[in-house]
Amino acid sequence: MNRWRWIVPVLALVPGVAAAPAAAPAVPALDIRLERDPRPGALSSALAVNLKVTVTERDTGAVPADDFEVYAFAEPAAGPATEIFPCAQEHDNSPEVPRGIYLCTVLVNHGGRWRFHSVVNQLRADPAGQPVAVGRTAQDFDIHTAEVAPRIDANRIEGRLMEVALLWGHAAAAGVWLVAAASLALLALPALRRRLSTFGLHRLEDRFDVLTKALWTATAVLLASGTYLLANQTAYDTPFSSAGLDAVFRLPYGKPYFLALGVKLAVYAVMLAASFVLLREARRQLRAGAVVVVPASVRLGATAMVGGTVVLSLSITLLKYFHELIEATRAVL
């Protein structure tokens with residue numbers, strides 16, 4: 001019993017994990033089964049332990065009608081427990097899988113025997129509300145590996161010249177691309193052309209070929225460097241299959257990280273298409289020699305560029321934030 005004394009106050013301090021029920025459960029009594037998930041995960045390390053938590057009704061063995069908040073952590077024979085990791089219901093990503101099966105990955109820092117715990121809470125309508133635990137279970141598993149996670153003071157980030165150059169080049173190309181696209185928008189939209197002085201408009205038209213080449217060159221650099229960074233520099237290995245996506249979503253902060261990355265890529269694809277629409281319209285305005293009426297697609301493209309810039313900036317900020325959280329999780333382990 002002594003080994004459990006620290007768990008109650010710790011669970012009480014962790015958001016989303018209740019140390020004890022705040023009220024009588026409003027769901028039937030549950031059977032909770034915790035087992036190793038033999039399927040390969042997004043991380044190849046033996047220290048990343050994939051788990052499967054199955055929740056059924058005790059009396060009937062049926063799948064509960066309710067969804068739950070499920071968490072898992074591990075406790076070694078001696079030393080502190082791991083971080084508490086959330087579990088995702090497999091049905092949410094794979095509808096063909098029955099409800100009541102939750103998958104998660106717990107990161108341990110060395111091999112040996114660990115006691116893995118799973119806590120099942122009622123699903124809260126208000127995430128800030130008091131959690132209500134409706135069940136928990138624990139199982140001992142042996143982690144067969146000689147691998148040891150580095151300490152915080154040994155977790156050095158070594159910058160490599162090629163990667164630093166690629167990151168700098170990617171950011172610089174993005175800046176050039178935005179400037180070139182914005183300049184073409186000035187030439188493409190009559191409302192913006194009228195805001196320029198005659199001298200300014202003339203100088204911008206004289207540099208139309210330079211702007212076009214800059215847009216194409218920056219696009220090529222962005223696509224090439226972005227593809228390399230996507231394959232080699234993401235916080236976790238980029239998944240290219242539904243199974244890989246399910247696995248990486250079970251890792252700490254993996255789901256919000258790759259959702260933000262997906263939004264970034266989708267928004268840039270829309271902005272890229274919009275920039276070519278603006279380029280074509282700018283060329284048409286230049287050849288006409290006078291202001292002509294623009295089609296609705298051009299105005300839509302300009303709107304996509306403005307809105308996309310805002311969403312792109314937000315998604316990049318979120319990516320950096322979640323990347324730092326992932327690195328911090330690795331450092332702790």
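Could you tell me how many degrees, from 0 to 90 and to the nearest 10, lie between the Cα long axis of helix 296-332 and the main elongation axis, the longest principal axis, of the Cα atoms of the chain? Once rounded, one gets 40 degrees. Size check on the chain: the Cα extents along the three principal axes, sorted descending, read 85, 46, 33 Å. Against the main long axis of the alpha-carbon atoms of the chain, helix 254-288 sits at an angle near 10°. Which residue, chosen from Val108, Ala78, Val164, occupies the Cα position most advanced towards the positive end of the dipole of the chain, where the dipole is computed from +1 (Lys, Arg) and -1 (Asp, Glu) charges on Cβ about the Cα centre? Selected residue: Val164. Rounded to the nearest 500, the 222 nm mean residue ellipticity of the chain from helices alone is -16000 deg cm²/dmol, with -39,500 (n - 2.57) taken per DSSP H run of at least 4 residues.
Can you check what the net charge comes to around Ser183, using other residues whose Cβ is under 14 Å from the Cβ of Ser183 (Lys, Arg +1; Asp, Glu -1)? Once all neighbours under 14 Å are counted, the net charge is +2. Under a model in which nothing but the beta-carbon of Lys, Arg (+1) and Asp, Glu (-1) is charged, the chain shows a dipole of about 1420 debye around its Cα centre. Take the chain and mark each of the chymotrypsin sites (Phe, Trp or Tyr not before Pro) that is in a DSSP loop with at most 16 other Cβ atoms within 10 Å; the longest unmarked stretch, sites excluded, is 7-239.
Over region 163-207, accessible surface divided per residue gives 58 Å², non-protein components excluded, 1.4 Å probe.
Reported to the nearest whole Å, the Cα centre-to-centre distance from region 81-101 to region 251-272 is 21.
The values are calculated or read from the model by the stated rules, or taken from the named source; none is laboratory data. Predicted model, so just to flag it, every value in this text is computed and none were measured. Every residue, glycine as well, gets a Cβ built from its backbone with ideal geometry; the counts of neighbours run over all protein chains shown. These area figures cover heavy atoms from the full protein model, side chains too; ligands, DNA and RNA do not enter into them. Shrake-Rupley method; radii C 1.70, N 1.55, O 1.52, S 1.80 Å.
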